[in-house]
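Just so you know, all these numbers are worked out from the coordinates, no wet-lab data involved. All of these numbers come straight from a predicted model, not from anything done at the bench. Cβ placement follows ideal geometry from the backbone for every residue including glycine, while neighbour counts extend to all protein chains displayed.
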Amino acid sequence: MKFWQVKNKYEEPNSFFKEKRIRSYISLVLILIISYITARLIGFDLILIFKNFSKAVIRFLDLYIPPNFLDIKDLIEAMWVTIILCITAGTIGTFLAYAAALGMSKTTGKIKPLRIVLRALSTFLRNVPASIWAIVLLMAFWFGEFLALLVMTIGTFSFNARLFSDMIDETNKHSLEALDSVGANYWQIVFQGIVPETLPTSISWSLFSVETNIRSSTIIGMLAG
């Protein structure tokens, strides 16, 4: 190997990082240009926001300071109803999601067309935001607690179904084969092999779904009453 070949060999990493740095700068400039053009098109003015910030603070203090506790009982009651709805929707959605996951999983889903349909349904429901479901279902069920319960149940189901399905696929295959070798039927394998292994993680994700429902209840309440 020649001397200049060795030199060029060690210069390659530097040229690579230099080229990567240039690409990063170009990308940053393009993002700033696109952001500026978009802001001009929608009428967004950052300078105007800073100019009127003091007025916004004064208006906020006038409206909310001191706080009004006259309707505190109604607020506590509404908060309690919200928590109950979130827990109920999380529970119903979790059970439905686990049942669907058994049909979606390659380990337990014996009917291929049903597995494809359930997976497509779960993907579709998950990709539609809760606010859109609230608007769509509002025309059918009108305002009320049932609409909020239905929207949050759909959200919990769509999120957990695919998650539980992948979790079932990752269960220990040796324990399932052992149950099958001693003559266990389908449901015995499910309840004796799959459910015990996936139950702790399922409970954790169910609690996370309840937390997600509580966060989603704000926008759902604004749209669905």
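A simple packing score, the average count of other Cβ atoms within 10 Å per residue, orders the peptides 150-159, 89-98 as 150-159, 89-98, with the highest score first. For the stretch 37-54, 3J(HN,Hα) computed residue by residue from phi via the Karplus equation (6.51, -1.76, 1.60; θ = phi - 60°) reads 5, 5, 4, 5, 5, 8, x, 7, 10, 5, 5, 5, 5, 5, 5, 9, 5, 5 Hz, glycine and proline entered as x. The three principal axes of the Cα atoms in the stretch 40-132 give end-to-end lengths of 64, 46, 18 Å, sorted in falling order.
Can you give the extra length, in nm with one decimal, that the chain gains between Phe124 and Tyr186 once fully stretched, where that is 0.36 nm per residue apart less the Cα-Cα distance?
Details: separation 62, 0.36 × 62 = 22.32 nm, distance 2.88 nm.
Separation in residues times 0.36 nm, less the Cα-Cα distance, equals 19.4 nm.
Here the 3J(HN,Hα) profile of the stretch 131-145, calculated from phi with Karplus coefficients 6.51, -1.76 and 1.60 at θ = phi - 60°, is 5, 5, 4, 4, 5, 5, 6, 4, 5, 9, 10, 6, 6, x, 5 Hz, Gly and Pro shown as x. Residue exposure proxy: Met167, Met104, Met139, ordered by other Cβ atoms within 10 angstrom of their Cβ from fewest to most, comes out as Met139, Met167, Met104.
Could you work out how much longer the chain between Ile83 and Ala178 gets when fully extended? Use 0.36 nm per residue separation minus the Cα distance between them, nm to one decimal. Intermediate values should be presented prior to the final figure.
Numbers: separation 95, 0.36 × 95 = 34.20 nm, distance 4.28 nm.
Answer, rounded to one decimal: 29.9 nm.
For the stretch 72-224, what is the charge dipole size about the Cα centre, in debye to the nearest 20, if Lys and Arg each add +1 at the Cβ and Asp and Glu each add -1 at the Cβ? Don't jump to the answer; show the numbers that get you there.
Values: 10 positive and 10 negative charges, 91 e Å.
Result for the stretch 72-224 is approximately 440 debye, rounded to the nearest 20.
So how strong a dipole does the stretch 5-158 carry about its Cα centre when Lys and Arg Cβ are +1 and Asp and Glu Cβ are -1, to the nearest 20 debye? Using only the charged Cβ atoms, the result is roughly 1080 debye. Rg and Dmax of the stretch 72-224, based on Cα coordinates, read 17.7, 62 Å. Under the simplified labelling scheme, the Ile47-Lys106 pair shows an inter-label distance of 5.9 nm, with each label point 7 Å from Cα along Cα→Cβ.
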